[in-house]
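Student: Pasting a structure here, questions to come.
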Amino acid sequence: MRQIRLKAYGKLNLGLDVIGRRENGYHDLAMVMQTVKLYDTITLRILDEFPSEDGIRLTCSVPELPVDESNIVYKAIRLMRKEYGIKEGIKGEIIKHIPMAAGMAGGSADAACTLIAMNYLFRLGADREKLCDLGVKLGADVPFCVMRGTMLCEGIGEKLTHITPPPHCHILIAKPSFGVSTKDVYEAVDSLKTPYHPDIRALCKALDKGDIKEIAKYCGNTLERVTVEKHSEIEKIEAVMRDGGAVLSMMTGSGPTVFGLFEDRMTARKVGKMLRSGRAGIQIEQVALTEFYQPKGR
Ligand code: ATP
């Protein structure tokens, strides 16, 4: 095998609680993370020539994204080459569909997918635990993106426990036309006097019962208030989704992407169309209709 192409799936947070801040600036979190079917594509090819000092050449469908060593896919290839003493040159191709700087872990998903692809391409025999151990060096969300599905993520996001998946839903995703810096949002959350803490344990219990309306009651995100303070568009999108029939609408991660859960596909499509048309008076960069993703066998 000289080439492999895999899908890198994005995520949503059904719950995100910031529990505290560590000395090193990282935050202790309790999150319910869910993989969705919106994906980037990562292709890796073994080259005959040796392209650069690192032996890595990268291309990307989005011109704004650097293809040098600051790209997380580049870092993931370099990490695997070093860990396993790989000598061959490698070409990586990234096709982006997951909105960027949006709270959907697009970069982490690409990194996780690259680790998995390198493992297949060079028949390295690493199990998922080993890939998670490597992944956390690249980012706190990478281990989740290696495992995928529905998980309770604790610590800085790297301590993973499988939990009951939510029932099938139609998910409308709307990314407003501005990005946010995850770092800035986490810094600002420390200065909140009375931060909102969603009840993550209760959310896990509600997932066990499987009633989407009950689940929706316990979904929530500590970071939402920080991002909303700067960007009121988020609340407006949530209101449009709710008024349009969403069982739940909320922000994912550090934002600004908002998602809505709908029981009926046509209703979700209608709201998506409205948001895309600009009739709601909010500038939206990307609207997508998707579903939850569960890895096979789970
Ligand atoms: P999270 O939900 O984990 O906070 P995010 O969705 O907010 O992630 P990403 O899309 O993962 O943010 O990207 C964050 C930054 O990482 C981008 O602004 C970009 O400069 C950089 N980056 C490096 N490599 C990639 C990549 N392959 N895909 C997306 N972003 C990348």
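Student: Got a sec to turn the phi values of the stretch 249-256 into Karplus ³J(HN,Hα) couplings, 6.51 cos²θ - 1.76 cosθ + 1.60 with θ = phi - 60°, whole Hz, x for Gly and Pro?
Tutor: With coefficients 6.51, -1.76 and 1.60, one gets 9, 7, 8, 9, x, 8, x, x Hz.
Student: At R0 = 30 Å, how high is the FRET efficiency between Lys159 and Glu23 if r is their beta carbon distance? Nearest 0.05 is fine.
Tutor: Efficiency, rounded to the nearest 0.05: 0.95.
Student: For the chain, what is the calculated [θ] at 222 nm in deg cm²/dmol (nearest 500), taking -39500 (n - 2.57) for each run of four or more DSSP H residues and dividing by its residue count? Before the final figure, lay out the partial values.
Tutor: Details: 10 runs with 99 residues, N = 298.
Rounded to the nearest 500, it is -9500 deg cm²/dmol.
Student: Could you list the trypsin sites (Lys or Arg not before Pro) in the stretch 148-256 that lie in coil according to DSSP, counting only those with at most 10 other Cβ atoms within 10 Å of their Cβ?
Tutor: Those that pass, being in a loop and sparsely packed, are Lys193.
Student: Under the rule that an exposed site lies in a DSSP loop and has at most 11 other Cβ atoms within 10 Å, name the longest stretch of the chain with no GluC sites (Glu not before Pro) of that kind, not counting the sites themselves. Provide the component values of the computation, followed by the final result.
Tutor: Working: sites that count: Glu23, Glu49, Glu53, Glu64.
Value returned for the longest uninterrupted segment is 65-298.
Student: Got a number for carbon plus sulfur as a percent of the stretch 3-162's accessible area, 1.4 Å probe?
Tutor: Numbers: 3190 of 6630 Å².
For the stretch 3-162, the apolar C and S fraction of the accessible surface comes to 48 percent.
Student: When Lys and Arg each count +1 and Asp and Glu each count -1, what net charge do the other residues less than 13 Å away from Cys60, Cβ to Cβ, add up to?
Tutor: Numbers: positive: Arg57, Lys91, Lys96; negative: Asp40, Glu64, Asp68, Glu93, Asp110.
Taking every other residue near Cys60 into account, the sum is -2.
Student: Another question about this same structure. Let me spell out the model: positive unit charges on the Cβ of Lys and Arg, negative unit charges on the Cβ of Asp and Glu, origin at the Cα centre of the chain. What dipole size does that give, in debye rounded to 20? The partial results should precede the final answer.
Tutor: Values: 42 positive and 38 negative charges, 171 e Å.
It comes to approximately 820 debye.
Student: Determine the sum of side-chain charges near Val247: Lys and Arg each +1, Asp and Glu each -1, restricted to other residues whose C-beta is under 12 angstrom from that of Val247.
Tutor: Within the 12 Å Cβ shell, the charges total -1.
Student: Moving to a separate point now. To the nearest µm²/s, what D does Stokes-Einstein give for the stretch 212-254 at 10 °C and 1.306 mPa s, using the Kirkwood radius over alpha carbon pairs as Rh?
Tutor: Working: Rh = 10.9 Å.
Answer, rounded: 145 µm²/s.
Student: Ignoring ligands, DNA and RNA, what accessible area per residue does the chain give at 1.4 Å, in Å²?
Tutor: Result: 46 Å² per residue.
Student: Filter the chymotrypsin sites (Phe, Trp or Tyr not before Pro) in the stretch 82-126 to those in DSSP coil with at most 14 other Cβ atoms within 10 Å of their Cβ, and list the result.
Tutor: Numbers: sites: Tyr84, Tyr120, Phe122; in loops: Phe122.
In loop regions of the stretch 82-126 (DSSP not H, G, I, E or B), there are no sparsely surrounded chymotrypsin sites (Phe, Trp or Tyr not before Pro).
Student: Along each of the three principal axes of the Cα atoms of the stretch 3-162, give the extent in whole Å, ordering the values from largest to smallest.
Tutor: Principal extents (Cα only, largest first): 49, 30, 28 Å.
The values are calculated or read from the model by the stated rules, or taken from the named source; none is laboratory data. From a predicted model like this one, the values you see are computed outputs, not experimental measurements. Cβ atoms come from the backbone with ideal geometry, glycine included; neighbour counts cover every protein chain shown. The area values use the complete protein model at the heavy-atom level, side chains included, leaving out ligands, DNA and RNA. Shrake-Rupley method; radii C 1.70, N 1.55, O 1.52, S 1.80 Å.
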